[in-house]
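Colleague: Take this structure first; my questions come after.
The values are calculated or read from the model by the stated rules, or taken from the named source; none is laboratory data. Computed from a predicted structure; not experimentally measured. Backbone-built Cβ (ideal geometry, glycine too); neighbour counts: all protein chains shown. In case anyone asks, the SASA skips ligands and DNA or RNA and just uses the protein heavy atoms, side chains included. Shrake-Rupley method; radii C 1.70, N 1.55, O 1.52, S 1.80 Å.
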Amino acid sequence: DAGITQSPRHKVTETGTPVTLRCHQTENHRYMYWYRQDPGHGLRLIHYSYGVKDTDKGEVSDGYSVSRSKTEDFLLTLESATSSQTSVYFCAISGQGDYGYTFGSGTRLTVV
Amino acid sequence: GENVEQHPSTLSVQEGDSAVIKCTYSDSASNYFPWYKQELGKGPQLIIDIRSNVGEKKDQRIAVTLNKTAKHFSLHITETQPEDSAVYFCAACTSGTYKYIFGTGTRLKVLA
């Protein structure tokens, strides 16, 4: 996944704790997205960003917040993790005028 | 709300045969339709896309067709090979939004 990295790749956390996932890109792309992937649901948009400090909610944003203070970084925070947030989280990027996404390798999050 | 339905959820074909995956979208304003391939443990990767002003697009063994009137589009893979085994996702996007609605995925198994 050239140009986009997610960290950590795996994380186990306890219910009620805050968790932050990081997405870092080196492509200078304007748009960044956070999706979660669950069996039977495909990929669902959590939040997205269309520029530094410009973010908006997706279809499953409850319990999540995001921040983008620099073009290259998009952070996803689970304010108080719940078992329903156990999932694989993918970050994606796309450039202005280019609708194709490049996805990161994903973060597998387990909330126990 | 906007929705993309994808069928079948699983598909098994013999090596060398063709595979077809179908998607239907609900938002008539959708005008960009990508297909992604996801291999085990990896992020989805764009394999082909089509815009609403085109009815068909081919790239070697892969083709996508679009029927705007019926609001459905399909992925065709010919001469399937074991390395085609993966999960395939369709998506629909409306110009200017850069946000996708994904289908729920099709697990393709190519049997040697």
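Colleague: Somewhere in the stretch A:37-57, is a residue within 11 Å of chain B (Cβ to nearest Cβ), in contact with a Gly (Cβ under 8 Å, 6 or more places away or on another chain) and among the hydroxyl-bearing types (Ser, Thr, Tyr)?
Modeller: Scanning the stretch A:37-57 turns up at least one residue that is within 11 Å of chain B (Cβ to nearest Cβ), in contact with a Gly (Cβ under 8 Å, 6 or more places away or on another chain) and among the hydroxyl-bearing types (Ser, Thr, Tyr).
Colleague: If you check every pair at least six apart or on different chains, which have Cβ atoms under 6 Å apart with a residue in the stretch A:94-112 that is in contact (Cβ under 8 Å) with a residue 24 or more places away in the chain first and a residue that is open to solvent by 50 Å² or more (accessible area, probe 1.4 Å) and assigned to a strand (DSSP E or B) second?
Modeller: A:Arg108/A:His10; A:Leu109/A:Lys11; A:Thr110/A:Val12
Colleague: Then there is this: Kindly evaluate B:Asn31 against the criterion of being exposed (fewer than 15 other Cβ atoms within 10 Å of the Cβ) and either farther than 19 Å from A:Ser94 by Cβ or modelled with pLDDT under 95 (or both).
Modeller: Working: exposed (fewer than 15 other Cβ atoms within 10 Å of the Cβ): no; either farther than 19 Å from A:Ser94 by Cβ or modelled with pLDDT under 95 (or both): yes.
Taking the combined requirement at face value, the residue does not satisfy it.
Colleague: Kindly indicate the residue of the stretch A:97-108 that is of a type outside the set (D, E, K, R) and over 16 Å from A:Phe74 (Cβ atoms) and also modelled with the highest pLDDT among those meeting that condition. I'd like the intermediate steps shown before the answer.
Modeller: Pass one, the stretch A:97-108, residues of a type outside the set (D, E, K, R): A:97, A:99-107.
Imposing the further condition that a residue be over 16 Å from A:Phe74 (Cβ atoms) reduces the set to A:97, A:99-100.
Values: A:Gly97: 75, A:Tyr99: 82, A:Gly100: 89.
It comes out as A:Gly100.
Colleague: Which residues, taken from the stretch B:87-112, are at positive phi and within 16 Å of the chain's Cα centre (by Cα)? Talk me through it step by step, then tell me what you get.
Modeller: Looking only at the stretch B:87-112, we keep the residues that are at positive phi, and these are B:96, B:98, B:105.
Residue satisfying the conditions is B:Gly105 alone.
Colleague: Between a residue in the stretch B:91-112 that is at the interface with another protein chain (Cβ under 7 Å from one of its Cβ atoms) and any residue that is basic (Lys, Arg) and in a loop (DSSP other than H, G, I, E, B), which pairs come within a Cβ distance under 8 Å, given they are 6 or more apart or on different chains?
Modeller: B:Cys93/B:Lys99
Colleague: Can you name every residue in the stretch B:89-104 that is buried (at least 23 other Cβ atoms within 10 Å of the Cβ) and either polar (S, T, N, Q) or in a loop (DSSP other than H, G, I, E, B) (or both)?
Modeller: B:Gly103
Colleague: Could you list all residues from the stretch A:59-93 that are in contact with a His (Cβ under 6 Å, 6 or more places away or on another chain) and within 11 Å of chain B (Cβ to nearest Cβ)?
Modeller: A:Ile93
Colleague: Assuming B:Asn67 fulfils every condition listed in (1) without any contact (Cβ under 8 Å) to a residue 60 or more places away in the chain; (2) touching a strand residue (DSSP E or B) at 6+ places or on another chain (Cβ under 8 Å); (3) surrounded by 13 or more Cβ atoms within 10 Å (Cβ to Cβ); (4) among the polar types (S, T, N, Q) apart from one, which condition is it?
Modeller: Status for B:Asn67: all satisfied but (3).
Colleague: Go through B:Asp17, B:Asp49 for me and flag whichever is in contact (Cβ under 8 Å) with a residue 12 or more places away in the chain and either farther than 20 Å from A:Phe103 by Cβ or in contact with a helix residue (DSSP H, G or I) (Cβ under 6 Å, 6 or more places away or on another chain) (or both). Spell out the reasoning first.
Modeller: On the way: B:Asp49 fails: either farther than 20 Å from A:Phe103 by Cβ or in contact with a helix residue (DSSP H, G or I) (Cβ under 6 Å, 6 or more places away or on another chain) (or both).
Residue meeting the stated conditions: B:Asp17.
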